[in-house]
Amino acid sequence: MIIVKDLHKKFENNHVLRGVNYHVHQGEKIVVIGPSGSGKSTFLRCMNLLEVPTSGEIWFDGVNITDPKTDIDKVREHMGMVFQNFNLFNNLTIMNNITLAPVKLKLMNKEEACENALKLLERVGLSEKADAYPSQLSGGQKQRVAIVRSLAMNPRVMLFDEPTSALDPEMVGEVLDVMKGLAESGMTMVVVTHEMGFAREVGTKVLFMDEGVIMEENTPQEFFNHPKSPRLQEFLSKVL
Amino acid sequence: MQAWFEKSAKMFEAAFITGDRWKLYLNGLGVTLEIAFFAAILGMIIGTLLAFMKLSSRRNGKKTILAVIANIYIDIIRGTPSVLQLMIMWFIIFANSKNGVIVAILSFGINSGAYVAEIVRAGILAVDNGQMEAGRSLGLSKAQTMIHIIIPQAVKNVLPPIGNEFIVLLKETAIVGYVSLTDLTRAANQIASRTYEAFMPLIGAAVIYFIVIKILTILLAKFERRLRKSDNR
């Protein structure tokens, strides 16, 4: 579904991604872990071109999205993204946060979008917050709304960029629960996270990134119980 | 004491009553407000345009031609005194024009635009970049995200410094006397030289400016409070 070929990304003199190759298949839940500065967030942000790669190719559903001629806005309609800092639209109510894109992009009319939004809010237990503003919500609630906002576009894949890193500890669970439910529904997911429990439980593949490359890739079982590279062994001994 | 009082009353009469002189202040104030009002609108339009020109960027991150033009405009306008700009407009560029008020509006509008540009740009940049990224990640275009997400938030950021700019602009119009327009300041000055008594006309004009700006300040504060309400904080 997503094919990444020899991806490189440089910021000024900082060579963040040094040749990443990967193939995400439909229905997979890929969990990416690694130390900070390893390039895992950049890798994820390249997938929907929030970061423009320096070189390399990314294909999504048979379309080369790194080709400048590709209409990236059209591609992004099918790729949801959830951010570390939620990034809910501060000037809009929760309802309008969710319905803005589907309505403006003419995928639904206003009533359909509202109905769909309420259904999704119900799923994450936040239907009574529809008319609230983001500033009135807790971090965990904001992130659940952010997930709903992405889902409202009926994406084919969801990208998560450290979705629980900015949350108070007691709110991490409620967000992970929503993500687990989403995984069970069959959504294709790529998740950058530090939540090892989530990686073990939900991931179909776990990737370890360091120094701008994918150092190790395996099923969660093998990944956590029999890490091969010394670098991963060292990393796991620190975080587990 | 009584002598002082009588003298003041006479001065007041000479400055405001005799020959219906109060009408001169009023006419002057009318000119001041007319120039300031339309120059403020023109300045907002030019400033917003310049701000977006400056914020335009190419895919490789280099400056666009539009950004370069905006930079040159802002540099020139901010780098020269506004009274000189006004005189250049009046005596050189529109030397044949008979409508001084319109030339003054143009001149002040062009001047104000350079300052408004920086205010608007700062207001837009103050909106967290994550808002743009979230909009783009949903498939909205840059323009759509700007219109529905960024600009509504930027307006709130921009309001206090814009109010400040309006106040500066209103007072700055006092220099139109240089191109022989009779605004409030010049009217007061003319009366002072006719009555050989500067105190009453000049203090009177100062009080009028003060009152007008106080009213403007109150209106801006009200408007700001109304916008903040939608924050629901």
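The values are calculated or read from the model by the stated rules, or taken from the named source; none is laboratory data. Predicted model only: the values in this text are computed from it and were never measured. Cβ atoms come from the backbone with ideal geometry, glycine included; neighbour counts cover every protein chain shown. Each accessible area value is taken on the protein alone, full model and side chains, heavy atoms only, with ligands, DNA and RNA left out. Shrake-Rupley method; radii C 1.70, N 1.55, O 1.52, S 1.80 Å.
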message: Can you compute log10 of I(q)/I(0) for chain A with the Debye formula, treating each Cα as one identical point scatterer, at q = 0.07, 0.09 Å⁻¹?
response: -0.23, -0.38
field: A:G19 long-range amide H proximity, modeled H, under 5 Å
entry: A:L7, A:H8, A:K9
query: Does segment B:29-93 come out rounded, prolate or oblate by the C-alpha gyration tensor, with a ≥ b ≥ c the root eigenvalues, rounded set by a/c under 1.5 and, if not, prolate when a/b is larger than b/c and oblate if not?
result: oblate
- prompt: In straight Cα distance, which aspartates and glutamates are under 14 Å from B:K7, not counting same-chain residues fewer than 8 positions off?
  reply: B:E197
query: What is the Cα convex hull volume of segment A:117-203 when expressed per residue in Å³?
result: 93
query: Name the trypsin sites (Lys or Arg not before Pro) in segment B:67-124 that are in a loop by DSSP and that have at most 10 other C-beta atoms within 10 Å, would you?
result: B:K98
message: Report the Cα centroid-to-centroid distance between segment B:29-46 and segment A:146-211 in angstrom, as an integer.
response: 54
- request: Would you work out if segment A:151-240 is rounded, prolate or oblate? Take a ≥ b ≥ c from the square roots of the eigenvalues of the alpha-carbon gyration tensor; rounded if a/c is under 1.5, else prolate when a/b is larger than b/c, oblate otherwise.
  value: prolate
statement: Rounded to whole angstrom, the alpha-carbon centroid of segment A:1-61 lies from that of segment B:210-229 at a distance of 50
Accessible surface of the protein assembly as shown [probe 1.4 Å, protein heavy atoms]: carbon and sulfur percent: 59
task: Would you work out which of A:Q233, A:G139, A:I94 lies farthest towards the positive end of the dipole of segment A:85-239, given +1 charges on the beta-carbon of Lys and Arg and -1 on that of Asp and Glu, about the Cα centre?
output: A:I94
statement: Partner shielding of B:127-133, taken as the mean number of other chain Cβ atoms within 10 Å, equals 4
Fraction of the pair-distance distribution of segment A:184-226 above 17 Å, Cα-Cα pairs, percent: 30
field: Span from the segment B:77-117 Cα centroid across to the segment A:72-109 one, whole angstrom
entry: 45
Cα gyration tensor category, rounded, prolate or oblate, for the protein assembly as shown with a/c compared to 1.5: prolate
field: Long-range HN-HN contacts of A:L207 with modeled amide H, under 5 Å
entry: A:V31, A:V32, A:I33
field: Probe 1.4 Å, accessible area per residue of chain A, Å²
entry: 43
task: Report the accessible surface area buried between chains B and A, summing both sides, using a 1.4 Å probe on protein heavy atoms only, in Å² rounded to the nearest 100.
output: 2200
Listed peptides A:194-206, A:116-128, A:83-95 by packing density, highest first (mean Cβ within 10 Å): A:83-95, A:194-206, A:116-128
statement: Going through A:K74/B:K142; A:K74/B:K63; A:K40/A:K205; A:K205/A:K228; A:K10/A:K40 one by one, the pairs whose alpha carbons sit over 18 Å apart turn out to be A:K74/B:K63
Relative contact order (percent, whole number), chain B, Cα cutoff 8 Å, 6+ residue spacing: 27
